[in-house]
1. Would you call Y73 in contact with a helix residue (DSSP H, G or I) (Cβ under 8 Å, 6 or more places away or on another chain) and either among the hydroxyl-bearing types (S, T, Y) or at positive phi (or both)?
2. Among A97, A44, A49, A107, which is exposed (fewer than 13 other Cβ atoms within 10 Å of the Cβ) and within 27 Å of V138 (Cβ to Cβ)?
3. Within region 116-164, which residues are surrounded by fewer than 14 Cβ atoms within 10 Å (Cβ to Cβ) and at pLDDT below 95?
4. Which residues, taken from region 1-29, are surrounded by 14 or more Cβ atoms within 10 Å (Cβ to Cβ), part of a loop (DSSP other than H, G, I, E, B) and either without any contact (Cβ under 8 Å) to a residue 60 or more places away in the chain or hydroxyl-bearing (S, T, Y) (or both)?
5. For the structure I just gave you, tell me whether V32 is aliphatic (A, V, I, L, M), surrounded by 14 or more Cβ atoms within 10 Å (Cβ to Cβ) and touching a strand residue (DSSP E or B) at 6+ places or on another chain (Cβ under 6 Å).
6. Of the conditions (1) closer than 18 Å to L35 by Cα; (2) surrounded by 15 or more Cβ atoms within 10 Å (Cβ to Cβ), E112 satisfies every one except a single condition; which number is it?
7. Out of all the residues in region 91-113, is one or more modelled with pLDDT of 95 or more, outside any loop (DSSP other than H, G, I, E, B) and basic (K, R)?
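The values are calculated or read from the model by the stated rules, or taken from the named source; none is laboratory data. Being a predicted model, the structure only gives us computed values, none of them experimental. Heads up, the Cβs are rebuilt from the backbone with ideal geometry, glycines too, and the neighbour counts pull from every protein chain shown.
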Amino acid sequence: MVNYRRNRVPGGTYFFTLGLADRSSRVLVEHVDLLRDVMREIRATHPFAIHAMVVLPDHLHAVWELPAGDDRYSMRWRLIKSGFTVRLRQQGIVIAARGKGERRLWARRFWEHTIRDEDDLARHIDYIHINPLKHGLVANVADWPWSSFHRFVARGTLPTDWAG
């Protein structure tokens, strides 16, 4: 088995990509409110700031900043992934078993990148916001409802026609 190593910087800022095991699934956008509820609950017990995020049908991207002295992003994602899976099952959605009590909703691993500086942060936030356009899901970034792009527009940080 591969010895998988993750970079850990207490209080760091990270870019993440998490995918579903079934890349043809649309469960993330079909149940985005459940995902939001689970994330809100985890943030209440294990705080982190969300700088940017986009939820697509089969994967999501996020930039988080952890509290000073804390580097436990894997634990937070584990709780979010398992909490979302449990909520879906409570809604009657059948999720295939993987074995050993696991369900086959999420891909087992996720991608993380430690943000190095302000330029790196800006590039990853731009990547997050343009992702629905890149995947051909919309003709304009502003048309994708499940993106922090709308928060940036409301704050006046980005124009509505950004990348258009």
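1. Working: in contact with a helix residue (DSSP H, G or I) (Cβ under 8 Å, 6 or more places away or on another chain): no; either among the hydroxyl-bearing types (S, T, Y) or at positive phi (or both): yes.
No, not satisfied.
2. Values: A97 fails: within 27 Å of V138 (Cβ to Cβ); A44 fails: within 27 Å of V138 (Cβ to Cβ); A107 fails: exposed (fewer than 13 other Cβ atoms within 10 Å of the Cβ).
Sole residue among the options that is exposed (fewer than 13 other Cβ atoms within 10 Å of the Cβ) and within 27 Å of V138 (Cβ to Cβ): A49.
3. Once the filter is applied, which keeps residues that are surrounded by fewer than 14 Cβ atoms within 10 Å (Cβ to Cβ) and at pLDDT below 95, region 116-164 yields only G164.
4. Answer for region 1-29, where residues must be surrounded by 14 or more Cβ atoms within 10 Å (Cβ to Cβ), part of a loop (DSSP other than H, G, I, E, B) and either without any contact (Cβ under 8 Å) to a residue 60 or more places away in the chain or hydroxyl-bearing (S, T, Y) (or both): just S25.
5. Judged against the criteria, V32 is a match.
6. Checking E112 against (1) closer than 18 Å to L35 by Cα; (2) surrounded by 15 or more Cβ atoms within 10 Å (Cβ to Cβ), the one that fails is (1).
7. Within region 91-113, not a single residue is modelled with pLDDT of 95 or more, outside any loop (DSSP other than H, G, I, E, B) and basic (K, R).
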